[in-house]
1. Enumerate the pairs (first residue in segment 162-179 and under 19 Å from THR36 (Cβ atoms); second residue anywhere and among the acidic types (Asp, Glu) and outside any loop (DSSP other than H, G, I, E, B)) with beta-carbon separation below 8 Å, excluding pairs fewer than 6 apart on the same chain, so at least 6 apart or on different chains.
2. Just to verify a result, which residue in segment 63-106, among those that are within 21 Å of LEU127 (Cβ to Cβ) and part of a loop (DSSP other than H, G, I, E, B), is modelled with the lowest pLDDT?
3. Could you list, in sequence order, the residues of segment 91-141 that are closer than 23 Å to LEU44 by Cβ and of a type in the set (Ser, Thr, Tyr)?
4. Any residue in segment 43-55 that is more than 18 Å from VAL228 (Cβ to Cβ) sitting within a Cβ distance under 8 Å of a residue that is among the polar types (S, T, N, Q) and part of a helix (DSSP H, G or I)? List the pairs, counting only those 6 or more apart or interchain.
5. Kindly provide the set of residues from segment 1-32 that are of a type in the set (A, V, I, L, M) and crowded, with 17+ Cβ neighbours inside 10 Å, ordered by number.
6. How many residues, within segment 112-145, are free of Cβ contacts under 8 Å to residues at least 24 places away in the same chain, in a helix (DSSP H, G or I) and within 27 Å of GLY398 (Cα to Cα)?
7. Just the residues that are touching a residue at least 12 places away in the same chain (Cβ under 8 Å) and farther than 19 Å from GLY10 by Cβ, please, taken from segment 75-93.
8. Report yes if some residue within segment 49-62 is assigned to a helix (DSSP H, G or I) and farther than 25 Å from VAL239 by Cα; otherwise report no.
Amino acid sequence: MKKIYQKVLGWMAKRVLNKYQPKVIAITGSVGKTTTKEAVSHLLKDFFSIRKTEKNLNTEIGLPMTILGVKNYQFKLLGAVESLFNFLSLIFFKKKYPEILILEMGADKKGDIKYLCNLANPLVGILTEIGLSHLAKFKSVEVLAREKEYLIKNLPSAGLAVVNFDNERCRLAAEKISANICGYGFDLTATMRASDLIFDFERDNFNQEILDSGASFKVNYEGKIVPVRIDQTISKGSVYACLAAFSVGSYFGLNLVQMAEKMRSFKSLSNRMGLIEGIKKTIIINDTYNSAPSSLSLALESFSKMKAKRKIVVLGDMLELGEEEKEFHRDIGRQVVTAGADFFVAVGENMGLAMSQFNVITRTKEKSAHFDNSVEAGRFLQSLMKPGDLVLIKGSRGMKMEKVVEEVKMR
């Protein structure tokens, strides 16, 4: 029944696209898809009529629902009825339809990206990263890479491939395509290049309240340099999303000054490197939405650049990493040391391996603690925290690390 439903939805979505001919921007990658989607939509929404993927409707069911404009997607029966109603209205009547669709594309198995691309026919494809997330669902990184690469390799010659040049696998994939390419990142070969990145983090010395935070950097594009500021973010991932958005905006005729002004008001999504006030006059970095080796490395890199009386890292297991998961976790233990953590709280069996590596390097077991679940870790953290502490909390969604945040955030 699901297969039939999927085919019907796809057929209806294809008919609607054929009639209204919107420009389609598709986004895929191991991490960063949703933040990039939000950045692109934030940039374009004042200049064009747009529609974006809501929540995580990035599958063979969710993507056609976005094309059809379904709002009741969380209810299966109601969503099906609305899909049919919207389809009939759009086909038999001339309705107002978005100029641009911004569609997130996820992959749970081989062939998913090909199916979604054949359905949506994107003009612009954004490849955020080819990494190790969800590796358990694919046989190897090479198989995962071929899946993600399909998007940019099958764009029309007049289209645009927007590719993260800081990721080696993405950069190699871009060498084999016929569409126009805009590489983004900090790499010197990137077309849309960022430099001079500074994270501002200011808090009141007396009561430790957050006064200001943000990311400041320069964007270099075709000989022009423009300063950019994104308020209320300490995430390098948000900077990458901004660069991808600038690449798309430039393709659609926007200039750097326009884009820099617009992106200042871009806000990070909830549970993604968000700063909140914690108990006992502490500051918490809430990055509990999900975790993978690359996104965790970025979080630790940002964390390392922030100053505090004491720095605590609370990490849950990274899930779905396949056969190499233990070594990936051990490497995180080394990175926690490099990030300057004064105390490491590990949650889950595999993150215990990271803690062991941390202990070996620091030559002590007095600066770490291990727990089986996030509730126990949260209770321990309550007693551990002191005024002036900066605490990073992150883990895969299945580890429910948001429960740690609930235990220690200011009510």
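The values are calculated or read from the model by the stated rules, or taken from the named source; none is laboratory data. In this text, all values refer to a predicted model and were calculated from it rather than measured experimentally. A quick note on method: Cβ atoms are made from the backbone with ideal geometry, for glycine too, and the neighbour counts reach across all protein chains shown.
1. Note: pairs meeting the criteria are ALA173/GLU149.
2. GLY106
3. Answer for segment 91-141, where residues must be closer than 23 Å to LEU44 by Cβ and of a type in the set (Ser, Thr, Tyr): TYR97, THR128.
4. ILE50/SER41; ARG51/THR66; LYS52/SER41; LYS52/THR66; THR53/THR66; GLU54/THR66
5. Scanning segment 1-32 gives LEU9, MET12, ALA13, VAL16, LEU17, VAL24, ILE25, ALA26, ILE27, VAL31.
6. Residues meeting the conditions: 1.
7. Once the filter is applied, which keeps residues that are touching a residue at least 12 places away in the same chain (Cβ under 8 Å) and farther than 19 Å from GLY10 by Cβ, segment 75-93 yields nothing.
8. yes
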